[in-house]
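Everything below concerns the one structure shown next.
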Amino acid sequence: MTEVVPSTKACAVNPLKVSPALGGAMAFLGVDGSLPLFHGSQGCTAFALVLMVRHFHEAIPLQTTAMSELTTILGGADNVEAAIGNIRERNQPKLIGILSTALTETRGEDIGAELKAMRERHPEWHDLDLVYASTPDYGGSLEEGWGASVKAMIETLVPEERGPRTLRQVNVLAGSHLTPADAEEIREIIESFGLSPLILPDLAGSLDGHVPDHHIPTSLGGTPPAAIRELGRSAVTFAMGEHMRPAAEALTRRTGVPFRLFDHVTGLAASDAFIAALMEVSGTPAPERVKRERSRLIDAMLDGHFFFEGKHIAIAAESDLLLAVAALLAAMGAHVGAAVIPCPSPAAARVPAARVLVGDLGDLEKAAHGCDLVIANSHARELAERLGLPLFRLGFPVFDRLGGPQRVSVGYRGTRCLIFDLANLLLDHAAGAHAAVGGNAHELLEEEHHAQAQAG
Amino acid sequence: MLKDKLAKVFNEPGCSHNQEKSEKERKRGCSAKSLTPGAAAGGCAFDGAKIALQPITDAAHLVHGPIACEGNSWDSRNSASSGPTLYRTGFTTDLGELDIIHGGEKKLYRAIKEIVHERHPPAVFVYVTCVTALIGDDVEAVCRAASERLGTPVIPVNAPGFAGSKNLGNKLAGEALLDHVIGTLEPETTTPFDINVLGEYNVAGELWQVQPLFARLGIRILAPITGDARYHQVAAAHRARVNMVVCSQALVSLARQMQERWEIPYFEGSFYGIADTSMSLRTLARLLISRGAPADLLERTEALIAEEEARAFAALAPYRERLAGKRVLLYTGGVKSWSVVSALHEIGMVIVGTSVRKSTDEDKERIRELMGEDAPMVDQIPAKQMYKMLSDGEADILMSGGRTQFVALKTKTPWLDINQERHHAYAGYDGMIELVRRIDGELNNPVWPEIRRPAPWDAAFGSAGEAEPVAAEMHA
């Protein structure tokens with residue numbers, strides 16, 4: 001059993017945690033025509049916006065209720081109402097996702113109830129979806145905020161009814177550990193079984209880095225709000241990540257659509273489980289392409305395991321992402337030398353490591369001594385340098401590399417990519433590793449010569 | 001307490017912008033208008049205070065609040081250090097729900113203690129945030145107690161985000177320095193050539209571009225406030241002979257109060273643009289002489305200016321041919337809205353618009369001086385309108401901050417970062433050469449014609465060339 005060790009420090013050093021409102025906003029960006037609105041002071045929005053811009057290299061539509069000291073004390077419902085009116089007029093979004101912050105939650109406001117009254121006052125808002133998610137800073141990190149937003153979308157938009165189901169339609173509640181490219185990969189895998197997936201949120205539609213041919217002041221694509229309303233008509237829900245469990249449970253409660261939780265779909269075993277589920281739901285055998293990808297992954301594992309064997313790897317990431325990578329590393333023969341997550345999570349107990357620390361990058365720096373590789377976000381670049389270790393950038397934010405959002409690490413193909421990327425980094429930095437590969441090739445040539453000489 | 005402070009900074013005799021306002025307008029503060037919910041952008045007072053003080057590189061900067069304030073913002077500024085790196089470490093009390101219910105003072109004290117015991121910094125700056133202001137944590141009292149018991153200066157920075165804009169936060173940071181830092185230490189030595197530079201944060205190493213100029217004149221920066229600063233330098237800043245205020249809006253109030261307390265004269269100058277750099281050096285020399293520096297300083301300064309200007313103009317000359325007539329949309333604020341203009345004029349570029357969003361009346365006057373009465377001054381341009389301007393080809397390049405970066409890029413228009421997040425330094429004579437070099441590199445990058453070529457499925461395809469020879473070959 002993995003021991004989960006809570007932090008006892010009063011001072012967080014180099015935070016791994018971001019605000020749940022940021023995570024919540026990111027989930028809303030995976031909905032088409034949406035605009036997330038932070039209910040807080042201006043800075044709350046500005047910081048989250050800058051960080052997401054640096055990570056995605058895209059314009060991030062994000063707005064603020066611009067709370068001042070006075071409006072905070074008096075109550076911010078008026079600001080929320082004014083903000084919705086202004087955003088509707090200027091940006092014409094299909095959906096506004098309202099996210100609370102520590103500031104407005106500390107004051108204690110019931111925005112959910114206020115929204116009903118606002119709607120009555122504004123019949124002209126009939127074509128606008130409003131979703132309120134409670135995402136105070138003291139309630140977690142990116143995953144918690146993301147999960148809370150998806151749950152709020154379901155509870156606000158999905159009708160409470162058990163109607164006829166479309167048996168070829170499946171829901172995917174995608175966790176924050178999936179990149180836009182991961183969402184795309186999952187869509188393609190599901191479609192290859194002749195099924196149509198409804199992915200929520202779908203960052204592949206919005207934050208995949210495309211250049212639209214006109215100006216769009218909201219998210220540039222993603223799950224259409226109309227599709228969210230259809231979630232109750234699917235045959236099954238696949239929830240990706242422990243932090244999507246509350247959203248999946250809410251959907252089942254409302255609509256009766258059963259759900260199946262996958263911690264992740266990275267690694268051979270996890271990908272197999274996902275494919276098996278698709279075979280079962282679709283009633284069709286796996287397509288040839290999928291079979292071929294599995295074979296390629298196995299080949300990559302055969303080629304790659306030498307470089308993972310016996311290595312100690314330090315990882316800091318949001319819980320579900322850490323679990324996905326740690327499981328793969330363990331399967332390849334590496335040890336999780338240090339594991340740090342920002343907040344407690346049931347997923348932590350399933351991490352293949354002796355201990356998981358709830359903490360920050362300061363804790364990672366202390367625990368990573370003697371490891372061979374650090375896996376963490378870009379904030380860890382300086383600590384990795386101080387430790388003299390290579391850094392594999394993963395998670396959020398990755399701002400000093402291009403293409404992070406386009407990295408695929410799900411399914412057979414994605415896992416193979418991840419193995420190659422990790423193995424190449426280990427190869428670059430391991431003493432004598434080049435010699436090992438070269439030596440190996442040399443031996444092979446000698447063997448061949450030998451065989452030829454004997455044949456001759 | 002914060003209220004008194006705000007009333008004080010809202011009435012700034014050293015700020016002409018401020019003095020032009022009526023009594024009532026002045027009480028409303030520095031933001032041009034109150035923030036519009038749902039249509040506001042930009043940082044907060046906490047952000048401004050942190051920007052101003054964090055470049056004190058050997059100090060620890062502790063943010064007292066829930067995670068967003070530091071968790072979402074640390075490690076995002078390019079203020080460079082020539083030595084210590086402690087300022088790059090993100091410290092926060094990361095308040096949880098229980099801390100907020102019971103109050104965060106004890107946790108704050110413990111956090112300061114942990115920092116002092118593990119890192120031994122010369123000082124700890126503690127930043128109040130919205131939530132800790134709201135729950136009424138007495139941060140000043142905790143800092144006082146910690147200073148006494150731990151034997152390390154612990155400085156409260158009372159600039160919670162909801163107090164106002166980033167600019168207000170800069171000013172409140174200046175107040176924190178006046179109340180708790182400047183004048184608390186004596187410098188080891190003083191010279192008649194000692195100056196402070198206020199409001200220059202060494203972004204991308206810009207301070208280092210002008211420091212060699214000072215060095216050649218024998219001028220010493222006693223305290224950079226605060227780019228690449230050490231705590232003891234700032235604490236001893238009251239012994240400088242002259243204060244130079246760069247980007248006046250942020251710290252002019254600090255300069256004025258230093259003049260009142262320690263009789264240090266100040267002037268507002270800029271290191272952006274050739275003419276301005278020269279003017280700043282000249283003014284600095286005159287003021288130092290008026291305070292006892294030898295009179296030959298001015299002659300030496302003029303000689304340096306003549307030499308440097310000749311060198312800079314010679315370096316810019318080759319770019320004239322490549323850049324003359326190209327149209328620039330300059331979307332920045334304050335000093336840069338005009339200081340960059342003169343450099344662009346020098347190489348024959350055409351300014352199709354310069355934003356005056358955050359500019360003072362003097363800034364606007366300077367723009368008119370440079371470009372005449374019909375100067376194309378623009379206010380806020382909504383993203384949609386800017387997208388249209390750039391799509392229609394009204395400018396060849398947009399120079400702005402990161403916020404409008406993607407508006408330009410998505411229209412396939414060249415873009416150059418001239419704001420906070422930039423990685424290239426543009427100060428002094430060398431900085432201006434670097435700026436022009438980068439404008440040229442960006443404008444003439446072959447990527448632009450390449451990505452503007454029509455797609456194979458567009459009607460215009462073929463006529464663009466490229467594809468036809470390949471097709472012909474295939475037939476052959």
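The values are calculated or read from the model by the stated rules, or taken from the named source; none is laboratory data. Since this is a predicted model, take the numbers as computed values, not measurements. All Cβ positions, even for glycine, are placed from backbone atoms using ideal geometry, and neighbour counts span all protein chains on display. What goes into the accessible areas is simple: the full protein's heavy atoms, side chains included, and nothing from ligands, DNA or RNA. Shrake-Rupley method; radii C 1.70, N 1.55, O 1.52, S 1.80 Å.
Details
- In the range B:271-292, residue nearest to residue B:199 (Cα to Cα) [restricted to those that are small (Gly, Ala, Ser) and open to solvent by 10 Å² or more (accessible area, probe 1.4 Å)]: B:275
- The criterion of at least 3 residues that are among the charged types (D, E, K, R), surrounded by fewer than 22 Cβ atoms within 10 Å (Cβ to Cβ) and on the phi < 0 side of the Ramachandran plot is met, among helices (runs of 4 or more DSSP H) falling completely within the range B:348-452, by B:361-371, B:428-443.
- For the range A:73-90, filtering for residues that are buried (at least 24 other Cβ atoms within 10 Å of the Cβ) and facing chain B (nearest Cβ under 7 Å) leaves 3.
- Condition met for residue A:31 (open to solvent by 10 Å² or more (accessible area, probe 1.4 Å), under 27 Å from the mean Cα position of the chain (by Cα) and of a type outside the set (Lys, Arg)): no
- Residue match in the range B:68-75 (condition: within 11 Å of another protein chain (Cβ to nearest Cβ), open to solvent by 10 Å² or more (accessible area, probe 1.4 Å), over 28 Å from residue A:217 (Cβ atoms) and within 20 Å of the chain's Cα centre (by Cα)): yes
- Checked against the criterion of being on the phi < 0 side of the Ramachandran plot, under 20 Å from the mean Cα position of the chain (by Cα) and aliphatic (A, V, I, L, M), the candidates B:252, B:242 yield just one match: B:252.
- The set of residues from the range B:37-56 being in contact with a strand residue (DSSP E or B) (Cβ under 9 Å, 6 or more places away or on another chain), farther than 16 Å from residue B:9 by Cα, within 10 Å of another protein chain (Cβ to nearest Cβ) and part of a helix (DSSP H, G or I) comprises just one member, B:50.
- Test for residue A:140: is it crowded, with 20+ Cβ neighbours inside 10 Å, within 27 Å of the chain's Cα centre (by Cα), modelled with pLDDT of 95 or more and within 13 Å of chain B (Cβ to nearest Cβ): yes
- Within the range B:111-149, the set of residues being farther than 24 Å from residue B:96 by Cβ and either open to solvent by 30 Å² or more (accessible area, probe 1.4 Å) or at the interface with another protein chain (Cβ under 9 Å from one of its Cβ atoms) (or both) comprises B:120, B:122, B:144, B:147, B:148, B:149.
- Residues in the range A:91-112 that are of a type in the set (S, T, N, Q), buried (at least 24 other Cβ atoms within 10 Å of the Cβ) and at the interface with chain B (Cβ under 7 Å from one of its Cβ atoms): A:101 only.
- Hits in the range A:26-50 - residues which are away from every other protein chain (no Cβ under 11 Å), within 15 Å of residue A:396 (Cβ to Cβ) and assigned to a helix (DSSP H, G or I): A:26, A:27
- Counting the residues of the range A:188-211 that are open to solvent by less than 30 Å² (accessible area, probe 1.4 Å), among the small types (Gly, Ala, Ser) and more than 14 Å from every other protein chain (Cβ to nearest Cβ) gives 2.
- Output for the range B:57-67, where each listed residue is buried (at least 22 other Cβ atoms within 10 Å of the Cβ), away from every other protein chain (no Cβ under 11 Å) and of a type outside the set (A, V, I, L, M): B:57, B:61
- Entry remark, the range B:414-456: residues being of a type in the set (S, T, N, Q) and within 12 Å of chain A (Cβ to nearest Cβ) number 2 in total.
- Under the condition of being in a strand (DSSP E or B) and either open to solvent by 10 Å² or more (accessible area, probe 1.4 Å) or of a type outside the set (S, T, N, Q) (or both), the residues counted in the range A:224-266 number 9.
- Selection status of residue A:214, at pLDDT below 95, more than 25 Å from residue A:403 (Cβ to Cβ), of a type outside the set (A, V, I, L, M) and open to solvent by 10 Å² or more (accessible area, probe 1.4 Å): yes
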